[in-house]
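Asks: Right, I'll just put the structure down here and ask away after.
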């Protein structure tokens with residue numbers, strides 16, 4: 001087996017795990033002197049640590065000597081409803097478990113930004129990390145290397161990921177929204193998607209297309225929005241100006257649905273008599289839209305409690321299996337959808 005060159009870059013816990021052919025959790029247990037490792041595996045890992053000149057992250061090592069009762073949330077996009085709700089409910093769940101929260105909002109989803117956020121922990125020890133990672137840009141192995149033994153859980157990452165994560169099934173939510181319109185009798189269904197570098201936006205968009213295809217319906221036009229009401233308004237204007245024919249519209253979130261409904265009214269189209277509209281999120285204001293909005297409810301309270309619970313499991317029991325916990329949204333039917341008018 002080729003030996004990793006320790007002068008090329010700092011050797012990480014993940015490098016040692018690959019070198020030994022074991023999980024990085026096993027290496028973490030050896031480093032932290034956990035007794036639940038076989039003698040042979042411990043001997044092999046310790047030899048690799050010596051051969052590779054692995055130097056454990058000083059923050060991660062300090063986790064085994066004292067606890068701060070602090071958790072760190074590293075998040076992107078907290079100016080949008082979804083991530084902001086995730087942070088709020090993670091904080092609530094953490095406090096119920098006796099932990100305080102430190103929030104770091106990064107301006108872009110990149111390894112450099114995340115590395116800077118993690119490195120900043122050196123002066124303020126935390127017991128674990130929760131990363132809200134809604135956009136493409138980083139992989140699990142890269143994050144594991146950066147954390148180097150600090151327990152972490154990801155939220156809002158890609159469905160089907162092998163990372164320690166908790167997600168809401170966005171594909172299922174979009175399927176519910178689209179199937180609701182199909183069941184009402186709609187066959188001309190357009191979409192306003194979220195920005196397609198977001199995991200959730202891509203999942204909702206692909207599920208909209210797949211649900212229509214499964215029903216033998218050709219997808220209508222799709223316009224990309226930016227999660228805001230103004231973005232939804234502009235996307236709907238583009239659909240209207242393209243002269244696309246549609247009797248129903250799936251919006252990637254409630255804010256874009258709000259903007260779209262304004263654009264439809266300006267074009268002389270009534271909601272839901274001429275165009276039915278479905279949103280996503282079930283923001284508190286959705287029930288006060290005119291008309292009240294049919295939408296997909298995401299349980300951010302459960303997402304927060306599950307994320308903190310899973311992180312505490314990883315902190316207390318390093319051999320906790322790495323998995324993705326999947327939650328499912330629900331359809332909330334209100335007055336913004338009706339069967340299509342007879343032509």
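The values are calculated or read from the model by the stated rules, or taken from the named source; none is laboratory data. None of the values given here were measured: they were computed from a predicted structure. Every residue, glycine as well, gets a Cβ built from its backbone with ideal geometry; the counts of neighbours run over all protein chains shown.
Asks: Residues being part of a loop (DSSP other than H, G, I, E, B) and surrounded by fewer than 14 Cβ atoms within 10 Å (Cβ to Cβ): count how many of those fall in the range 281-302.
Replies: 1
Asks: Moving to a separate point now. The conditions are (1) free of Cβ contacts under 8 Å to residues at least 40 places away in the same chain; (2) in a loop (DSSP other than H, G, I, E, B), and residue 337 fails exactly one of them. Which is it?
Replies: So the condition that residue 337 fails would be (1).
Asks: Of the residues that make up the range 258-275, is at least one under 20 Å from residue 207 (Cα atoms), buried (at least 23 other Cβ atoms within 10 Å of the Cβ), modelled with pLDDT of 95 or more and in contact with a strand residue (DSSP E or B) (Cβ under 7 Å, 6 or more places away or on another chain)?
Replies: No, the range 258-275 contains no residue that is under 20 Å from residue 207 (Cα atoms), buried (at least 23 other Cβ atoms within 10 Å of the Cβ), modelled with pLDDT of 95 or more and in contact with a strand residue (DSSP E or B) (Cβ under 7 Å, 6 or more places away or on another chain).
Asks: Which helices (runs of 4 or more DSSP H) does the range 63-151 wholly contain that include 2 or more residues that are surrounded by 14 or more Cβ atoms within 10 Å (Cβ to Cβ), within 17 Å of the chain's Cα centre (by Cα) and modelled with pLDDT of 80 or more? Give the derivation first.
Replies: Numbers: elements: 81-96, 111-119, 140-147.
Per the criteria, 81-96.
Asks: Counting just the residues of the range 187-226 that are crowded, with 23+ Cβ neighbours inside 10 Å and in contact (Cβ under 8 Å) with a residue 60 or more places away in the chain, which one comes out nearest to the chain's Cα centre (by Cα)?
Replies: This residue is 200.
Asks: Does at least one position in the range 303-320 carry a residue that is in contact with a helix residue (DSSP H, G or I) (Cβ under 6 Å, 6 or more places away or on another chain), at pLDDT below 95, over 15 Å from residue 260 (Cβ atoms) and in a loop (DSSP other than H, G, I, E, B)?
Replies: For the range 303-320, residues in contact with a helix residue (DSSP H, G or I) (Cβ under 6 Å, 6 or more places away or on another chain), at pLDDT below 95, over 15 Å from residue 260 (Cβ atoms) and in a loop (DSSP other than H, G, I, E, B): present.
Asks: In addition: Regarding the range 296-313, can at least one residue be identified that is without any contact (Cβ under 8 Å) to a residue 40 or more places away in the chain, within 29 Å of residue 187 (Cα to Cα) and over 19 Å from the mean Cα position of the chain (by Cα)?
Replies: no
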